[in-house]
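Report on the following structure.
Rule-based calculations on the coordinates, nothing more; no lab input. Since this is a predicted model, take the numbers as computed values, not measurements. Reconstructed Cβ throughout: ideal geometry from the backbone, glycine too, with neighbour counts over all protein chains shown.
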Amino acid sequence: MEKLYRNTAPEYKTVDSIEILGDKKYTLSNDIPVHVINGGSQEVLKIEFIFDAGIWYQNSPLVASMANSMLNEGTSKYNAAEIAEKFDFYGAYIGFSAAKHDSSVCLYTLNKYLTETLKITENLIKDSIFPQKEFETILLNKKQRFQIEHQKTNVLAKDEFSSLIYGKNHPYSNIFDESEFDELDINTVKEFYKTHYIPDNCKIIIAGKVDQSVIDKLEKLFGKNAWPKKDNLMDAKHEIQLSEETKSFVCKDDAVQACIRIGRPIFNKTHKDYTTLHLFNLILGGYFGSRLMQNIREDKGYTYGINSIIISHLKGGHFVIVTEVGSDVCKAAIDEIYKEIKRLREELVSDEELNLVKNYISGEMLRNLDSPFALSESLKGNLPFGLDNSYYQNFIQELKTVDAEKIKTLANTYFQEEDLKLVVCGPDNCRSSI
Amino acid sequence: MIEFDKFTLENGLRVIVHRDETTPMAAVNLLYNIGSKDEDPERTGFAHLFEHLMFGGSVNIPNYDEPLQLVGGDNNAWTSNDVTNYYLTVPKDNLETAFWLESDRMLSLAFSEKSLEVQRNVVIEEFKQRYFNQPYGDVWLHLRPLAYKKHPYQWSTIGKSIEQIETVQLDEVKEFFFKHYAPNNAILVVSGNVETENVKRLAEKWFGPIERREIAERNLPDEPVQTELRTLHLERKVPFDAIYMAFHMGKRTDDEFYSTDLVSDVLSNGQSSRIFQKLIKERNLFSSIDAYLTGDFEPGLFLVTGKLSEGVSFEEAEAAIWEELNKIATEKVTDYELKKVKNKIESSLVFSEISYLNKAMNLATHELLGDANEINTEVEKYRKVSIDDILNTSAKLFRKENCSILYYHAKK
C-alpha cells in the first residue's frame with residue numbers, strides 16, 4: 001500500500017498550451033463564408049446561420065427580435081404547425097436568437113436526417129411570410145414574458161445600469177417601454193426580414209461530424225438556389241451616451257433583497273490590455289475563489305452569490321459587478337465591494353494568487369473549448385472582431401506576461417471610485433445605501 | 001453505446017469508469033445516497049445546507065476550492081429530494097488532486113463553527129433569492145404539501161421555512177455526516193480522458209482506507225392514495241394568473257415510467273406538441289404551458305403548469321387543459337405521433353452523450369437506481385411503449401381525484 005499524506009496536495013501539471021480544433025473555411029458560390037469545425041464522437045450537427053440583423057440595425061424596438069422569431073411561423077409552403085411538426089418528427093431542434101449585432105437561426109440535427117431538416121431550414125430562412133395571426137400570438141406572449149421579467153429586481157437594475165453607461169436609446173441598452181408591443185407594425189418587421197436575411201449578410205458555422213456531403217448540401221440549398229441579393233445595405237450609427245450621474249436607486253417595495261450593480265464602460269477584447277483586464281476581473285469577482293465571493297459570501301454570508309463580468313461588444317463594452325443581498329446588509333455589501341476594488345488599486349496581488357488564477361483560467365479554457373459545439377460558440381463570438389479561435393492560444397501566451405504591477409496599473413487607470421456607476425434596486429429602506 | 005468499467009472497493013464504494021478521448025479533461029462525480037427526503041420534518045433543508053458545508057474544509061485540507069483551482073479544476077454540487085451530487089472537472093493530468101480532495105471530505109469534515117454560521121446565512125439568502133424574490137418563486141413551497149400529506153416529498157430541498165435553517169447546530173451537522181456520508185453509501189464515477197487501471201489505483205489509494213459506516217435502512221412513509229381533488233388558491237403580486245396541476249405517478253424504476261414520460265412528450269415536448277399547438281397557438285389561452293414529470297426516485301408527480309393569457313379566466317383555462325388530458329386518456333394516439341416522440345427521445349439521448357460530465361452524472365444515477373447499464377438499455381424501453389400503453393397510462397393519471405391544483409392569482 002502506498003503511504004498516504006492527506007495533508008499534502010499531490011503533484012500537478014500546469015497547462016502551458018492548448019490544442020484547439022481549428023476551423024476550415026469554404027465559400028459558397030454566392031460568397032457566403034462557411035466555417036467548419038469537424039470533430040466529436042456522435043453523428044450530430046450544429047449548423048448556425050448568422051445574419052447582420054441584430055438590434056443594432058433596427059429603427060424601432062422589437063423589430064429585430066420579432067423578425068427573428070417569426071421565421072418559425074410560416075412560409076408560402078408550410079404553416080407554423082407544419083414547420084414545428086417536421087423538426088420534431090426528425091428529432092431536430094431549431095433555435096432563434098436576436099443579439100446586439102447579429103441574429104441567428106441554429107439547427108441541431110442528427111446527420112441521418114440532415115437532408116430533410118436542412119430543406120425546411122432553407123425554406124424558412126428564404127421564404128417566410130409572417131402570418132398576421134401568428135404575429136399577434138408571438139408578440140402577445142413576448143409582452144407577457146416582458147412584464148414578468150420586469151418584476152425582477154435584477155432586470156430592473158440591469159436596465160438602469162445600461163442606461164447610465166450607454167444611454168437609454170442605445171442598442172446595447174435595448175430598453176423600451178411596454179407600450180412598444182402595442183405599436184409594433186407587422187410591415188416594418190417584414191421589411192426588416194427582407195432586407196436583412198440575405199446572402200450578402202450571412203455567414204455559416206457548422207460543427208460536429210462534417211463530411212463533403214454536408215458541404216454539398218449547403219451549396220445546393222444556400223449557395224446555388226435562388227435567394228435574392230441586395231447590395232444597398234446600410235450600416236447604422238449609434239452614439240454611446242455616458243450619463244453624468246454616478247448613482248441611481250430603483251425602488252421596488254415588495255422586494256426581499258436588494259440587487260446591486262457596480263461597474264463602468266470598458267474597452268473590448270481587441271484592446272492590448274484586455275488580458276490584464278481579464279485577470280483583474282477574475283481576481284476581483286470572476287470565479288468562485290474570487291475576492292468578492294470569498295469576502296461577501298464565504299466570510300460575511302451577505303449573499304448567495306456575487307460575480308463580476310466583462311462584456312465585449314463590437315463597438316464598446318462594460319465591466320460590471322452583480323449581486324443580490326439581504327436588504328439589511330445592502331450598505332455593508334457596497335462598502336465591502338469598494339474596499340476590494342481599492343485593495344487592487346493599492347496593493348500588489350501576491351505571486352501565489354496570481355499563479356492560482358493563471359492556472360485556473362488555463363484549465364477553464366481547456367474545459368470550455370473541448371467540443372466542436374463549444375468551439376463553434378466561441379468562433380461565433382470571435383469572428384465579428386476579425387479573430388478566430390487561435391485567439392485563445394495567443395491569450396494563453398500573453399497571460400504569462402501579465403504581472404502584479406500591470407494589474408495594479410490597470411486598477412488605477414480604470415477603477416477609481418469616481419469612474420464607477422452604482423445602481424441599487426430594492427425596497428425603500430435601501431435608498432440610503434447609495 | 002456508452003462503455004464503462006465497474007468495480008467495488010472493500011469498503012463498499014462503487015466505482016465506474018467511462019473513457020472519452022475526445023476531451024483533454026477528466027470528470028469526477030460523487031453521488032451520495034442522501035436527499036431531502038431523508039430529513040427530519042422539523043429540520044427540513046438540512047441535506048442542502050449540508051451540501052454547502054461540504055465546501056467548508058475537510059479534516060486534513062482546510063480549503064476545498066483553492067487547491068482545485070490551482071490545478072485548473074472547477075466544481076459544483078446539487079441536492080435533490082433523492083440525492084446529493086458533487087462533481088468536478090480537471091485537466092486529465094491532474095486527476096489525483098480530485099481524488100485527494102474528494103476522499104478527504106468523505107473521511108471527515110473540519111466541522112467549523114464559522115463555516116456553519118456563514119453558510120446558514122448564504123442558504124437563507126439563496127432561499128430569498130430563488131423563492132421569494134422571483135415572480136411565482138414560491139409555487140413549489142405550496143404545491144408539494146398540497147400533493148403530499150405523508151411522504152417527505154412534501155417539502156422542497158431548500159426546506160419548509162427559513163426558521164428551520166436558522167437554528168441548526170454543529171452537533172446536528174456532525175451526526176448527519178456520519179449517518180449518511182460513507183463509502184458504502186456513495187457512487188464514484190470518473191469519466192473523460194482517463195484509464196481504468198489508473199482510476200483503480202487512485203481509488204484504492206485514496207478511498208480504500210476509509211472505513212465502511214453503519215447506514216440505517218431507509219424507511220419512508222408511503223403516501224396514501226389520494227381520493228379527492230385538492231385545490232389551493234394563492235394571491236401574489238405577479239402580472240398574470242397561473243395554474244399548476246399535479247397528478248400522482250409511479251416511481252422512476254417502474255416500467256410505466258417510460259410511457260408516462262412519452263405522455264408528457266405527446267402533450268408538450270416541442271412546438272408541434274398538443275398543448276402548445278392547441279392552447280397557445282390556436283386558442284391563445286396561455287402565454288406559456290408545459291407538461292413534465294418530476295422524475296423522482298419514489299412515486300413522483302406529473303405536472304401541467306401554465307401562465308394564463310390576459311383576460312382568460314381560470315375556469316376557461318382549466319377546462320381547456322382537462323379537454324386535452326381527457327382526450328389523451330380516451331382516444332388512441334396515432335402511430336405517427338408516437339413515432340415522433342420516440343424519435344425525439346432517441347435524438348436527445350444522442351445529444352446528451354456529447355458531454356463527458358453529463359455521462360458521468362447519468363451513470364451514477366442509473367447505478368444508484370439499480371444498474372449503470374440502464375443508460376444503454378433505456379432507449380429500448382422507450383421503443384417498446386405501445387399506443388395502448390399511452391392510453392392506459394393517461395387514463396390512470398388524469399383523474400380528478402388524483403389531482404392537486406394550485407390557482408396562483410395575480411393581485412390587481
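Put a plus charge on the Cβ of each Lys and Arg, a minus charge on the Cβ of each Asp and Glu, and nothing anywhere else: the dipole of region B:2-59 about its Cα centre is then about 40 debye.
A cut-off of 5 Å between modelled amide H atoms, ignoring neighbours fewer than 5 places along the same chain, links residue B:372 with B:367.
The residues A:237, A:229, when put in order of fewest to most other Cβ atoms within 10 Å, stand as A:237, A:229. Listed by Cβ neighbour count within 10 Å, with the fewest neighbours leading, A:27, B:365, B:89 appear as A:27, B:365, B:89.
Among the listed pairs A:24/B:359; A:3/A:408; A:237/A:342; A:133/B:384; A:86/B:237; A:190/A:237, which have their C-alpha atoms separated by more than 32 angstrom in this model? Provide the component values of the computation, followed by the final result.
Details: A:24/B:359 29 Å; A:3/A:408 44 Å; A:237/A:342 37 Å; A:133/B:384 39 Å; A:86/B:237 40 Å; A:190/A:237 22 Å.
Violating the 32 Å limit, Cα to Cα: A:3/A:408; A:237/A:342; A:133/B:384; A:86/B:237.
What is the angle, in °, between the Cα long axis of helix B:196-206 and the longest principal axis of the Cα atoms in chain B? Nearest 10 is fine, range 0 to 90. The answer is roughly 70 degrees. Summarising the amide proton neighbourhood of residue B:109: residues at separation of 5 or more, or on other chains, whose placed amide H is nearer than 5 Å comprise B:59. Which of the aspartates and glutamates could a cross-linker span from residue A:339 if the Cα-Cα distance has to be under 15 Å and same-chain partners fewer than 8 positions apart are dropped? Once the sequence-local aspartates and glutamates are set aside, what remains near residue A:339 is A:299, A:347, A:417, A:418, A:419. Positive end of the dipole of region A:247-433 (Cβ unit charges, origin at the Cα centre): among A:391, A:314, A:303, the Cα lying farthest that way belongs to A:314. If you average 1/r across every pair of different Cα atoms in the protein assembly as shown and take the reciprocal, what Kirkwood value do you get, in Å? That comes to 29.0 Å for the protein assembly as shown. Shielding value for B:351-360 is 3, the average number of Cβ atoms from other chains within 10 Å of each residue's Cβ.
Taking every pair of distinct Cα atoms and averaging 1/r, then inverting, what Kirkwood hydrodynamic radius in Å comes out for region B:230-410?
Evaluated on region B:230-410, it is 17.4 Å.
Listing B:95, B:234, B:357 from fewest to most neighbouring C-beta atoms within 10 Å gives B:234, B:357, B:95. Remark: region B:148-158, residue by residue, has Karplus-estimated 3J(HN,Hα) of 10, 9, 10, 5, x, 5, 5, 10, 7, 4, 5 Hz, where x stands for each Gly or Pro and the curve is 6.51 cos²θ - 1.76 cosθ + 1.60 at θ = phi - 60°.
Under the √(5λ) rule applied to the eigenvalues of the Cα gyration tensor, what semi-axes describe the equivalent ellipsoid of region A:238-300? Give them in Å, descending. Mind dumping the intermediate values first?
On the way: eigenvalues 130, 107, 12 Å².
In descending order, the three semi-axes are 26, 23, 8 Å.
Adding -39500 (n - 2.57) for every DSSP H run of four residues or longer, then dividing by how many residues chain B holds, sets the calculated 222 nm ellipticity at -12000 deg cm²/dmol. Calculate how steeply helix B:335-352 sits against the longest principal axis of the alpha-carbon atoms of chain B, using the helix alpha-carbon long axis, and give the answer as 0 to 90 degrees to the nearest 10. It works out to around 20 degrees. Backbone phi angles across region B:362-377, fed through the Karplus curve with coefficients 6.51, -1.76 and 1.60 (θ = phi - 60°), yield HN-Hα couplings of 5, 4, 5, 4, 4, 5, 5, 6, x, 7, 4, 5, 3, 4, 8, 9 Hz in residue order; Gly and Pro are listed as x.
Remark: region B:173-282 carries a charge dipole of roughly 440 debye about the Cα centre, counting +1 on each Lys and Arg Cβ and -1 on each Asp and Glu Cβ. Seen against the Cα atoms of chain A and their longest principal axis, helix A:114-126 is set at about 90 degrees. When only alpha carbons are used to place a centre, region A:130-161 and region B:234-251 end up 21 Å from one another. Compactness of region B:165-312, taken as the C-alpha radius of gyration over 2.2 N^0.38 Å, stands at 1.57. The per residue volume of the convex hull around the alpha-carbon atoms of region A:24-224 is 138 Å³.
Positive-end ranking of A:38, A:413, A:286 along the dipole of the protein assembly as shown, with charges on Cβ about the Cα centre, is headed by A:38. Based on C-alpha pairs under 8 angstrom that are at least 6 apart in sequence, region B:5-206 has a relative contact order of 41 percent. Its residue count N fixes a reference of 2.2 N^0.38 Å for region A:247-433, and the Cα radius of gyration divided by that reference is 1.08. This model, with +1 at the C-beta of Lys and Arg and -1 at the C-beta of Asp and Glu, gives region B:5-206 a dipole about its Cα centre of some 560 debye.
Taking every C-alpha pair closer than 8 Å and separated by at least 6 residues, the mean separation divided by the residue count of chain B gives a relative contact order of 22 percent.
Working note: Karplus 6.51/-1.76/1.60 with θ = phi - 60° gives region B:102-111 the couplings 5, 6, 5, 7, 7, 4, 5, 8, 6, 6 Hz, where Gly and Pro are set to x.
Would you mind giving the mean number of other chain beta-carbons within 10 Å of the Cβ of each residue in B:122-134, as a whole number?
Values: counts 8, 2, 3, 13, 4, 2, 9, 12, 2, 1, 4, 13, 5.
Average neighbour count from other chains, rounded to a whole number: 6.
Per-residue mean of foreign Cβ neighbours for B:98-106 is 2 (Cβ atoms of other chains, 10 Å radius). Each peptide in B:383-390, B:294-301 receives the mean, over its residues, of other Cβ atoms within 10 Å, and ordering these scores from highest gives B:294-301, B:383-390.
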